[in-house]
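A short write-up of the structure that comes next.
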Amino acid sequence: MRNSALAWIGHPLTVIAVVVLLLNDHLFKPLWPGAVTGKLSDVAGLIVAPPLLNLFIRRPRASVLLTGVVFGLVKTTAVGAALASQAWTLVWGPSRVLADPVDLIALPALCLAWWIWKHPDARAVRLARAVVVIPVTVLAVAATGQTSVFKPYSAYAVDVTDGMIVVATRGGLSPGPFVGAGLASADAGNSWSSWDGPVPAVPRTSACVPGNPDRCYRIVPARLKVEESRNGRWVTAWEISPGDQDRLARAYASEYPEHTEAVASLGIAVEKLSDGYVVVVANGADGIALRDVSGVWHRLGWTGEGFDSSSTVPLTAPGRYPDSVPAVALLAALAAGLVTLGCGVRRSDFAKAALALWVGVWAFHSGTNTPILFNPFAVLLAAVLVPAGATVMIMSSVRDGTRLRVWAIGTLTATVVYYAVMTPFYVWSAGGLEYYASAPSLAIAPGNRDGLHRRPRGRQTERSAKRRLLGPGP
């Protein structure tokens, strides 16, 4: 037990650091954001990381040294911070690690980590404590990588103030530069910069050209569409088709449904110029639409500092369906394949093992797709059920003398089911279906082919579009 890897990570001081990490990242930071809680995570993380790393490399000195070097590179170089952000995003989802040399003040915590290694707790319960603490430790260290939550950008209102176009925006990394901020243009929308002044609080749904009350523009609720008054009636000035709007809504969908912003025209303003006028429309997550003085309309997407036409999501881009769709298709295919195999083997122990295998795969999927990074108990359950179920299935099949063709039929069934579920989503992504809702309908009921050639019309179209796209107010 003395100087063992488990004794180091199970030391009372290491356990306390784990608890501090969990409480600080999930409770104290949201309640009291600032330098104190930020540095507290760095100190606790530097105490916990070396013993966790030592579980894999079994070199205490190298674990401490490597932790310090990596921490220094991440906090002092843009490349290190970018690589850390990409690593956390790959493993735990959208994350951002910020370079901040001031955080190096926490490096002396490595001395405490080394002291803990040199002074192990001799009590026999430390092994049991370490076994329990390891998954919690991984969760706590991972939580430090989730420094920010990304919320989709949204332009929800626009106005003209002192000769400048001001667009009210929200979104970005929270905290971040776009949250509750505004963007302004002094040259009719050709260039943009941040705006520190007041932003329009209430979106305007219509606006007229100053000095010309007969030339007015209005947005169409729940649509990416603008109408203009012409000869006493309203006609379409600019629009995105409902099908393309539906695809754009999927492109801007957030990982967290409560953060998803509307993809629809929300506000409008008109600026009078010496050589004409421009119209600006706040289009939610899609950015803005701009009518220049020549009468040509442009979609302008989000950049790091404002809006630009090169940043728009192309209407010809493949449709983006949720990441959970392939996982659900895989679970359905696995279930179909296992049922087919069970019909061929016809042994109760095989059926029970197949059920355990499926539950294990489902537990792994659900445990690695949660708002809290991952569920360690579901992952541990999967680590037990999947190999145990597969082993018993193979042994039962061997005892039963199952022929190879049974396994071939089961594999073929699973493959067919997987592609039967995924094909409608592939077709929608490629543009073969106009509305995303048609894809899950066809996946669930392949006999329903209406989605391939029918479109909702009239008032039904407006009502369904409004239900799908109407987002939160400003």
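Summary table below
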item: Residue-normalised accessible area of the stretch 313-420, expressed per residue, 1.4 Å probe, Å²; result: 58
item: Solvent exposure of the stretch 202-262 as accessible area per residue, Å², 1.4 Å probe; result: 51
item: Karplus (6.51, -1.76, 1.60) ³J(HN,Hα), θ = phi - 60°, over the stretch 413-428, in Hz, Gly and Pro reported as x; result: 4, 4, 5, 5, 5, 4, 6, 5, 6, 7, 4, x, 6, 4, 5, 4
item: Exposure of Cys111 as accessible area (Å², to 10), given a probe of 1.4 Å and all protein chains; result: 100
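The values are calculated or read from the model by the stated rules, or taken from the named source; none is laboratory data. Note that the coordinates shown come from a computational prediction; the quantities given were computed from them, not determined experimentally. In case anyone asks, the SASA skips ligands and DNA or RNA and just uses the protein heavy atoms, side chains included. Shrake-Rupley method; radii C 1.70, N 1.55, O 1.52, S 1.80 Å.
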